[in-house]
Amino acid sequence: QVQPVESGGGLVQPGGSLRLSCSASGSILVIRAMGWYRQAPGKQRELAARIDRGGSIIYAESVKGRFTISRDSAKNTMYLQMNSLNADDTAVYYCNVENYVTGHIYWGQGTQVTVSS
């Protein structure tokens with residue numbers, strides 16, 4: 001029933017920046033946490049960044065110091081500011097939303113990020 005929608009992906013050169021957005025504002029729900037996962041070709045899906053109901057944040061070691069996760073709770077919208085991008089950041093980035101009341105997990109369709117010269 002809840003379908004998160006991602007936007008902001010695209011092609012960027014190494015060292016460049018992108019800002020991803022994920023919105024669940026079309027649904028009425030209380031969110032326990034929202035996070036960004038990514039999956040590169042031939043690799044398993046991994047957590048990039050997560051922010052929970054209380055504002056606690058976790059980053060993958062590979063993105064610390066380069067990525068910043070934030071949210072607008074009133075709009076049920078989450079952002080990922082990605083700086084100093086490199087080829088290892090190339091992946092499909094998926095928005096993950098956890099329902100506070102039911103514990104159900106919702107996934108977006110993903111947005112492609114390609115870092116290439």
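The values are calculated or read from the model by the stated rules, or taken from the named source; none is laboratory data. Only a predicted model underlies this, so the values are computations on that prediction, with no experimental measurement involved. All Cβ positions, even for glycine, are placed from backbone atoms using ideal geometry, and neighbour counts span all protein chains on display. For the accessible areas, the whole protein counts, side chains as well, though only heavy atoms, and no ligand, DNA or RNA atoms are used. Shrake-Rupley method; radii C 1.70, N 1.55, O 1.52, S 1.80 Å.
Observations, loosely collected:
- Fraction of accessible area attributable to carbon and sulfur, the chain (%, probe 1.4 Å): 47
- DSSP loop trypsin sites (Lys or Arg not before Pro) with at most 10 other Cβ within 10 Å: longest gap in the chain: 65-117
- Convex hull volume of the C-alpha atoms in the range 21-74, normalised per residue: 108 Å³.
- A 1.4 Å probe run over the protein chains yields, for the chain, 54 Å² of accessible area per residue, whole-number rounding.
- Short to long, the 5 Å bins of the Cα pair-distance histogram for the chain hold 2, 12, 24, 26, 19, 10, 5, 1, 0 percent of all pairs.
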